[in-house]
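Here is the structure we will look at.
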Amino acid sequence: MKKALAAKSEAEQISWAHHQAYIALGTLLAAAASMRIDSCPMTGIDARAYDQILGLKDLGLETSAIVALGLRSSRDHSSDLPKVRFDFDDFVIRR
(Lines give C-alpha, C1' and ligand atoms only; values in the text may rest on other atoms or scores of the structure.)
Protein backbone atom coordinates (compact mmCIF):
# COMPACT_ATOMS: atom_id res chain seq x y z
CA MET A 1 0.00 0.00 0.00
CA LYS A 2 2.79 2.41 0.90
CA LYS A 3 4.50 1.67 -2.40
CA ALA A 4 1.30 2.23 -4.40
CA LEU A 5 0.64 5.54 -2.64
CA ALA A 6 4.23 6.69 -3.05
CA ALA A 7 3.90 6.18 -6.81
CA LYS A 8 0.98 8.63 -6.97
CA SER A 9 1.35 12.36 -7.47
CA GLU A 10 0.60 14.64 -4.54
CA ALA A 11 -2.76 15.55 -6.09
CA GLU A 12 -3.61 11.85 -6.50
CA GLN A 13 -2.61 11.16 -2.90
CA ILE A 14 -4.85 13.97 -1.66
CA SER A 15 -7.75 12.72 -3.78
CA TRP A 16 -7.21 9.18 -2.43
CA ALA A 17 -7.19 10.48 1.15
CA HIS A 18 -10.44 12.38 0.61
CA HIS A 19 -12.07 9.21 -0.68
CA GLN A 20 -10.79 7.23 2.32
CA ALA A 21 -12.47 9.76 4.63
CA TYR A 22 -15.83 8.36 3.50
CA ILE A 23 -14.99 5.05 5.17
CA ALA A 24 -14.62 6.84 8.50
CA LEU A 25 -17.72 8.91 7.73
CA GLY A 26 -19.78 5.74 7.25
CA THR A 27 -18.50 4.32 10.53
CA LEU A 28 -19.34 7.58 12.32
CA LEU A 29 -22.90 7.60 10.93
CA ALA A 30 -23.46 3.95 11.86
CA ALA A 31 -22.09 4.48 15.38
CA ALA A 32 -24.24 7.58 15.88
CA ALA A 33 -27.34 5.72 14.72
CA SER A 34 -26.61 2.83 17.09
CA MET A 35 -26.46 5.38 19.93
CA ARG A 36 -29.72 7.03 18.75
CA ILE A 37 -27.84 10.22 17.87
CA ASP A 38 -29.16 12.03 14.81
CA SER A 39 -26.65 12.87 12.09
CA CYS A 40 -26.54 14.71 8.80
CA PRO A 41 -23.47 14.31 6.56
CA MET A 42 -22.75 17.20 4.20
CA THR A 43 -20.53 17.80 1.19
CA GLY A 44 -20.63 20.57 -1.37
CA ILE A 45 -19.48 22.93 1.37
CA ASP A 46 -16.85 25.66 1.33
CA ALA A 47 -14.07 23.32 2.43
CA ARG A 48 -11.42 26.03 2.25
CA ALA A 49 -13.38 28.17 4.71
CA TYR A 50 -13.59 25.23 7.12
CA ASP A 51 -9.86 24.64 6.70
CA GLN A 52 -9.14 28.28 7.49
CA ILE A 53 -11.49 28.57 10.47
CA LEU A 54 -10.26 25.31 12.00
CA GLY A 55 -6.59 25.94 11.20
CA LEU A 56 -6.32 22.64 9.35
CA LYS A 57 -3.66 23.74 6.84
CA ASP A 58 -1.17 24.20 9.68
CA LEU A 59 -1.81 20.57 10.63
CA GLY A 60 -1.41 19.32 7.05
CA LEU A 61 -5.13 18.50 6.86
CA GLU A 62 -8.06 19.39 4.59
CA THR A 63 -11.82 19.20 4.97
CA SER A 64 -13.48 16.36 3.05
CA ALA A 65 -16.98 16.43 4.52
CA ILE A 66 -18.75 17.64 7.64
CA VAL A 67 -21.33 15.99 9.88
CA ALA A 68 -23.89 17.59 12.15
CA LEU A 69 -24.56 15.42 15.21
CA GLY A 70 -27.11 15.93 17.94
CA LEU A 71 -30.01 14.72 19.96
CA ARG A 72 -33.50 15.31 18.68
CA SER A 73 -35.62 17.77 20.62
CA SER A 74 -38.23 16.21 22.87
CA ARG A 75 -40.61 18.83 21.40
CA ASP A 76 -40.16 17.43 17.88
CA HIS A 77 -43.62 16.00 17.36
CA SER A 78 -42.87 14.99 13.78
CA SER A 79 -40.33 12.42 14.99
CA ASP A 80 -43.17 10.16 16.11
CA LEU A 81 -45.05 10.30 12.79
CA PRO A 82 -44.88 7.35 10.41
CA LYS A 83 -41.91 7.62 8.04
CA VAL A 84 -42.54 8.21 4.36
CA ARG A 85 -40.87 5.69 2.11
CA PHE A 86 -41.10 5.39 -1.64
CA ASP A 87 -41.99 2.05 -3.18
CA PHE A 88 -38.93 0.19 -4.45
CA ASP A 89 -40.25 0.15 -8.03
CA ASP A 90 -40.76 3.93 -7.99
CA PHE A 91 -37.04 4.70 -7.76
CA VAL A 92 -35.21 1.61 -9.03
CA ILE A 93 -34.90 1.08 -12.78
CA ARG A 94 -34.72 -2.53 -13.90
CA ARG A 95 -33.44 -3.65 -17.29
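The values are calculated or read from the model by the stated rules, or taken from the named source; none is laboratory data. Because the structure is predicted, anything quoted here is derived from the model rather than measured. Neighbour counts run over all protein chains shown; Cβ positions are idealised from the backbone, glycine included. Accessible surface areas use protein heavy atoms only, side chains included; no ligands, DNA or RNA. Shrake-Rupley method; radii C 1.70, N 1.55, O 1.52, S 1.80 Å.
Accessible area per residue for the chain, computed on protein heavy atoms with a 1.4 Å probe, is 89 Å². Its relative contact order, with pairs defined as Cα atoms under 8 Å and 6+ residues apart, puts the chain at 24 percent.
On a 0 to 90° scale, report how tilted helix 10-34 is relative to the longest principal axis of the chain, with both axes built from alpha carbons and the result rounded to the nearest 10. The angle comes out at about 30 degrees. For the chain, just say rounded, prolate or oblate: build the C-alpha gyration tensor, square-root its eigenvalues into a ≥ b ≥ c, call rounded for a/c under 1.5, and beyond that prolate if a/b exceeds b/c, oblate if not. Note, shape of the chain comes out oblate.
Can you give the local net charge around Leu56? Use residues other than it whose beta-carbon is closer than 15 angstrom to its beta-carbon, Lys and Arg +1, Asp and Glu -1.
For residues surrounding Leu56, the net value is -2.
In a DSSP loop and with at most 10 other Cβ atoms within 10 Å, the chymotrypsin sites (Phe, Trp or Tyr not before Pro) in the stretch 1-89 are Phe86. Between Ala24 and Asp90, what FRET efficiency comes out of the Förster formula 1/(1 + (r/R0)^6) with R0 = 25 Å and r the beta carbon distance, rounded to 0.05? Computed FRET efficiency for Asp90 and Ala24: 0.15. Taking the protein heavy atoms of the chain in the context of the full set of protein chains, the accessible area attributed to carbon and sulfur is 58 percent at 1.4 Å.
Here the simple spin-label model places points 7 Å from the Cα toward Cβ, and for Ala68 and Ala11 these points are separated by 3.4 nm. Taking each DSSP H run with n ≥ 4 as -39500 (n - 2.57) and averaging over every residue of the chain yields -13000 deg cm²/dmol at 222 nm.
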